Amino acid sequence: MRICSMVATLLLVVLFPLLGRAKETDQEFLERLIRECYAGKKGHCRVALARTHSNKDPEVLLKLFNRLCGDQSLGFYCETHSDDPVASKFEIFREIEIGGLSKEQLLTRLSGSGIQFNKHATTLFNHHQFLPSAESENVTLVKVSLADLGLNDSCFIEEFETRASALGLKLCPLYLAAFLRLQYTNQPVGPYLTIASKKPEKDENYPSGFYIRNFENALCLRGYMADGFAGWPEQNEFIFINGSPSAQLDSILSGGSSL
């Protein structure tokens, strides 16, 4: 009787994963492949390997992969030879301290430093999400362009956020822009730096977020409105918080970000 029980247990241990794999959907298969990539289990993990999986339609996998990672090719692969894949791909911009001030203290410092605002910035200041954390913390920022993310100005906001998240880039809290403006006093004249953050309201007439600029030697913190990237200036770059690709991918796959 004990032998039969042991044999049954062994069969379950061996066959259950195979049975589960046989029922694996296209999306589950692709998610597993990407997870293994980010976990470093495959060295260079090519999604093109999906073509060798007889039960999977490569066109379906391509569409799913694009929705998960925003890439345009099944040949996309993840570099996993570095301890910090993000640091190896994106140059660190700077480390800043955020938080530790009330909203009123923060706005007073901005005004006292001669920072120039526009009406959209004032609207964002009044939003409940523009509320600095009570405790200060240091965050590491990276600066990227749409091209760095493998995107162009025809992409949607959702694609932009999903692609950045999959690469380990975290959206900034709304108030981070104000702290960056105060600490980045040597910004060159001209180029825009858009702080990547979640739009605080779905209303299309509500500002989307902040950008900072040195305009004719005046440091500016301005709000902007946009529903996409059509006509976006090529020299414009985005500020993200440096994060972990695997953690961000887990968030996407667990429902933290819609596909």
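Sequence-distant or interchain residues sharing an amide H contact under 5 Å with PHE93, placed H: which?
Here the answer is LEU141, VAL142, LYS143, since their amide H atoms fall under 5 Å of that of PHE93.
So what J values fall out for the range 115-127 if you push phi through Karplus, 6.51 cos²θ - 1.76 cosθ + 1.60 with θ = phi - 60°, rounded to Hz, Gly and Pro as x?
Whole-Hz 3J(HN,Hα) from phi for the range 115-127: 5, 8, 10, 10, 5, 5, 5, 4, 4, 5, 4, 8, 7.
What ranking do PHE93, PHE179 get, fewest neighbouring Cβ atoms within 10 angstrom at the top?
PHE93, PHE179
Please list, in chain and number order, the residues 5+ apart from GLN116 or on another chain whose amide H is under 5 Å from its amide H, with Hs placed from the backbone.
Those lying under 5 Å, H to H, from GLN116 are LEU219, CYS220, LEU221.
Arrange HIS120, HIS127 by Cβ neighbour counts within 10 Å, fewest through most, would you?
Ascending Cβ contact count within 10 Å gives the list HIS127, HIS120.
Readers should treat all values here as calculations from the given coordinates under stated rules, not as data from a laboratory. Since this is a predicted model, take the numbers as computed values, not measurements. A quick note on method: Cβ atoms are made from the backbone with ideal geometry, for glycine too, and the neighbour counts reach across all protein chains shown.
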